[in-house]
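Scroll down for the structure; my scribbles are underneath it.
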Amino acid sequence: MRRLVLAGAVPVLVSMALLQGCSKPQDCPKVAPVQQESVKSGAEEESYDCSSLEGAGLLKKTWCDARSAFEGSSVSEDISSFTPYLTGFRNGVNDASQAETSKVAREALEGQREKPEEAGYRAGYKSVLQKMGIHEYNCRDSEQTSEFKDRWCEAEDAYRVSGVGSTENPFVRGRFIDGYMAGGRVALTVPTSMEAFLGGDNPQGKQSAIFKPEGDLRPTENAFYKGFDDGYKAMIASIRESINQVMQQMQAPNGGGMQMPDGMQLPEGLVPPQSGQ
């Protein structure tokens with residue numbers, strides 16, 4: 001036992017002897033730095049059971065969503081690609097939840113292989129769009145036309161010239177379109193539409209079409225109110241044009257001017273059509 005103790009003490013004694021008188025840097029022996037275990041990235045350390053997401057936190061939820069999207073992606077052949085894919089996925093979710101414009105093209109370029117992080121970002125960004133129910137139309141596609149699609153594309157055209165925000169931001173654009181649709185609907189209500197036609201956009205003594213809060217608004221909020229104003233005015237203009245066309249087409253059978261019923265008069269600026277015009 002004594003030999004073992006001495007044997008263990010020898011290295012310590014040698015080290016102490018070497019360090020004696022080591023008051024100057026040049027007298028001190030060089031000591032190799034301690035090698036620490038390499039730290040793995042958070043993505044590599046993460047692993048979750050995705051069979052149940054009830055009560056799942058943000059990390060587990062985004063991890064499982066990213067894993068599911070990754071398995072059907074073009075970069076899934078290399079499992080090591082999941083680490084940058086997950087990073088991109090979470091960044092895409094974050095930007096979309098803040099209603100920011102996507103940092104990568106929202107559609108992959110045909111024939112070009114995607115980088116894992118870009119593919120993940122795109123999938124994360126789109127996942128928020130889907131969960132929020134933001135639907136978009138391709139207005140250049142003539143198939144599956146509908147009245148709603150026509151109005152949606154009309155609102156999108158108005159958004160492009162409004163200067164409210166980037167045409168690549170689906171959240172700001174979506175709120176503008178919602179406002180545009182709502183403004184048009186309010187303009188069609190009775191008696192709003194006729195009163196506006198007869199007496200201007202906001203007839204005297206009547207309430208305004210919508211109340212816009214004062215102060216700085218978020219881009220999405222500002223887009224909604226701008227869209228409402230544009231949609232309301234566009235519908236009023238459309239109503240006036242339609243009534244003008246109807247009145248121009250009406251001709252009195254005796255060749256005289258059109259006679260208005262008792263108690264009614266033409267709006268200011270309108271002249272009854274004459275026969276032969």
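Derivation of every value follows stated rules applied to the coordinates shown; laboratory data play no part. Quantities reported herein were computed from a predicted structural model and do not represent experimental measurements. Please note: Cβ atoms are built from the backbone with ideal geometry, for glycine as well, and neighbour counts cover all protein chains shown.
Summing charges over all other residues whose Cβ lies under 14 Å from the Cβ of ALA158, with Lys and Arg as +1 and Asp and Glu as -1, gives -1.
How much net charge surrounds THR220 when only the other residues with a Cβ under 10 Å from the Cβ of THR220 are counted, with Lys and Arg +1 and Asp and Glu -1? Its environment carries a net charge of +1.
Estimated at 0.36 nm per residue, the fully extended path between ASP141 and GLU221 surpasses their Cα-Cα distance by 25.9 nm. Using the Cβ-Cβ distance between LEU109 and GLN130 with R0 set to 25 Å, the FRET efficiency works out to roughly 0.70.
Sorted on the mean count of surrounding Cβ atoms within 10 Å across their residues, most packed first, peptides 147-154, 85-92, 181-188, 216-223 read 85-92, 181-188, 216-223, 147-154. The convex hull defined by the C-alpha atoms of the stretch 55-131 has an orientation-averaged projected area of 5.1 nm². Working ranking of peptides 226-234, 127-135, 207-215 by packing, defined as the average number of other Cβ atoms within 10 Å per residue, highest first, is 226-234, 127-135, 207-215. Extending 7 Å from the Cα toward the beta-carbon at both GLN249 and GLU71 defines two label points whose distance is 6.0 nm. Extending 7 Å from the Cα toward the beta-carbon at both GLN207 and LEU58 defines two label points whose distance is 3.9 nm. For the stretch 59-116, the list of GluC sites (Glu not before Pro) that fall in a loop by DSSP and count at most 10 other C-beta atoms within 10 angstrom reads GLU77, GLU107, GLU110.
Over 31 Å apart at the Cα level, from the set LYS126/LYS233; LYS61/LYS226; LYS115/LYS149; LYS115/LYS226; LYS61/LYS149; LYS61/LYS115, are LYS126/LYS233; LYS61/LYS226; LYS115/LYS149; LYS115/LYS226; LYS61/LYS149.
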